[in-house]
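Below: one structure, written as structure tokens.
The values are calculated or read from the model by the stated rules, or taken from the named source; none is laboratory data. Predicted, not measured: the structure shown is a model, and the values here were computed from it. Every residue, glycine among them, receives a Cβ derived from its backbone with ideal geometry; neighbour counts consider all protein chains shown. Ligands, DNA and RNA are stripped out before the accessible areas are found, and what is left, the full protein with its side chains, is counted by its heavy atoms. Shrake-Rupley method; radii C 1.70, N 1.55, O 1.52, S 1.80 Å.
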Amino acid sequence: MRNVKSFTKTSVLLVSLILVVSMITSTDISGMYAAAQGNSSSNMTSTSVNNTTTSTSASDLNRTMAALESSNNPQDIATLAYIWGYPLVSVVRLVDYSSSPNVPPGPGRGPINTFSNFPNYPTSNFTDIVSINVDTLYSFGLLDLQKEPVVLKVPPISGRYYTLQFIDAYSNNFLYIGSRLNDTTGGTYLITGPNWKGEVSSGMKEIKSPTNTVDIGGRIFVNGTADVPNVNALQAKLVLTPLSVFGKNTTSQQSLTPETNASKQVPIGPQPALIPTTGIKIFDEISQDMADNPPPAADSEVLAKFATIGIGPGMTPSDTKNDTIKAALENGIAEGEKIIDAQVQNIGMKVNGWLVNLDIGNYGTDYLLRAGVAKFGLGANSPVEAVYPSTFTDNQGQNLTGTHNYLIHFDKGQTPPVNAFWSITLYNAKSYLAENPINRYSISQYTEGLKYNPDGSLDIYIQHASPGADKESNWLPSPSGQFNLVLREYNPQEPILKGEYQITPVKQIT
């Protein structure tokens, strides 16, 4: 990982969209996705790509990316490098910040190569993570495998949904352990870096990571507040231990990897708002992160382009004396932000107003999709584990807002076909949980008191004011301003994975 970078307390309070600022009690790194974009080809050109975000359609974004990837213009190369490096910076900053001894303790924060557990449900006060889910409690394992492998011990977990999601430095999901795969008896695993060539001890299963930086997102289902202690007990048995001390007489994983930092500097947090404000030094950061986490071989063509403007492993492009390149780097940040924002607004194929994407989690060379997911919901599960339809608009195509009342109606037997469970979570305009008078942030099939209609159908009322005492059991309170919804479908069945399930629209009723 890179050296610690400092920032002021004022910076910590800037608007954030993903992880690390507050010190509330619980949360997750719940995910989402953005629209799947291809990388079509086009003729080589040395002219700059102009007006890259005049349209937000997926096809236009495809053309924009194809033009950027075929261009030899310095500004276009810088724009592409910014988009390419955005997820890398997001993941490495997350790990650096959350594992820093100079950051106040809290859920999701702790020494490197250990688990940090979220002991309670999140509330609207929690702003460390965007689009957080309130269905599970989380255990984050933040790993640095440059020096040595890390041993993972997983306890037996049966009778409830759980998953351990392994995310590399480029935000790709490279492995899962969990109930979907019938991993219920527990086990011991050796997590090794890309260059490690040692022997794996008997009784261990090797997990080979493509990068040295790894984020493990552990999620364990919680069936209401009374179930929290049961999940806490399971979390305590999830243990990470550096190989060099595995088997020694240690009582706390926190004591296994003492971290020191004489500088006492606080690393920059991974909030998306802090990435463009870094200025052209963001390209230095991308370059350093590339040195610590060598890029996939499939990226060799774009990496060669980046090198022509001084971006590459261990380089410091911000030191350039070439005014043309310096201007290109500056403009590349602004243009890259516009294109990524356009991607976020094109999260996927629209189905009854919901945006659905079935191609996230393993991005290959789809750099824009990867960046869009990193900005909107870093840590998104792969569809086989969970699908996240989202919507910003109602059935009339208007933005969702507290000035209107809405209804989500499921006919009998038409709730999402899943093997685990489904939920609908509401977020405010900044994608955080919205404060409300009954402290309800989501509705799921397990919501206590949820009422079905006599014919077996289900109505969910989404509005700012109470729909009345007789309907409050099915009320998902909205803020007065704009908001968005995420439908989580855990362990989706084939109709969802094949795109056959038709999601019910969000109907504006007043």
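Modelled spin-label separation between residue 469 and residue 319, with each label point placed 7 Å from Cα along the Cα-to-Cβ direction: 7.3 nm. All C-alpha to C-alpha distances of the range 386-448, sorted into 5 Å bins beginning at zero, yield P(r) values of 3, 12, 22, 28, 20, 12, 2, 0 percent in whole numbers.
Hey, what number do you get for the chain at 222 nm if only DSSP H runs of n ≥ 4 count, each worth -39500 (n - 2.57), divided across all residues, to the nearest 500? After summing the helix terms and dividing by residue count, I get -6500 deg cm²/dmol. Rounded to the nearest 20 debye, the dipole magnitude of the range 332-444 is 180 debye, with +1 charges on Lys and Arg beta carbons, -1 on Asp and Glu beta carbons, and the Cα centre as origin. Only aspartates and glutamates eight or more places from residue 338 in sequence, or on another chain, were considered; those with a Cα closer than 14 Å are 60, 76, 330. How many angstrom separate the Cα center of the range 188-231 from the Cα center of the range 63-96? Here the two parts' Cα centres lie 30 Å apart.
Determine the relative contact order of the chain: mean sequence separation of Cα pairs under 8 Å and six or more apart, normalised by residue count, in whole percent.
21 percent
Within the accessible surface of the chain, defined with a 1.4 Å probe on protein heavy atoms only, the carbon and sulfur portion equals 50 percent. One entry in (i) 23.5; (ii) 25.6; (iii) 32.5 is Kirkwood radius over Cα pairs in Å calculated from the shown coordinates; its label is (i).
Surface calculation, 1.4 Å probe, protein heavy atoms: residue 121 sits at approximately 50 Å² accessible. Please give every one of the aspartates and glutamates within straight-line cross-link reach of residue 197, meaning a C-alpha to C-alpha distance under 17 Å, and leave out same-chain neighbours fewer than 8 residues apart. The reachable aspartates and glutamates, counting only those whose Cα sits under 17 Å from residue 197, are 144, 148, 206. A probe of 1.4 angstrom, applied to the heavy atoms of all protein chains, finds residue 185 with accessible area near 110 square angstrom.
Karplus couplings for the range 207-214 from phi (6.51 cos²θ - 1.76 cosθ + 1.60, θ = phi - 60°), rounded to Hz, Gly and Pro as x? Karplus-based 3J(HN,Hα) across the range 207-214 equals 10, 8, 8, x, 9, 6, 8, 9 Hz. Here the chain is assigned +1 on the Cβ of each Lys and Arg and -1 on the Cβ of each Asp and Glu. Its dipole about the Cα centre then comes out at about 700 debye. Taken about its Cα centre, the range 260-410 carries a charge dipole of roughly 220 debye when the Cβ of each Lys and Arg holds +1 and the Cβ of each Asp and Glu holds -1. Which of 147/264; 147/375; 281/326; 471/507 have a Cα-Cα distance over 21 Å? Distance filter (> 21 Å) returns 147/264; 147/375.
Solvent-accessible surface of the chain, taken per residue with a 1.4 Å probe and all protein chains present: 39 Å².
As an equivalent ellipsoid, the range 282-413 spans semi-axes of 38, 19, 11 angstrom, where each value is the square root of five times an eigenvalue of the C-alpha gyration tensor, largest first.
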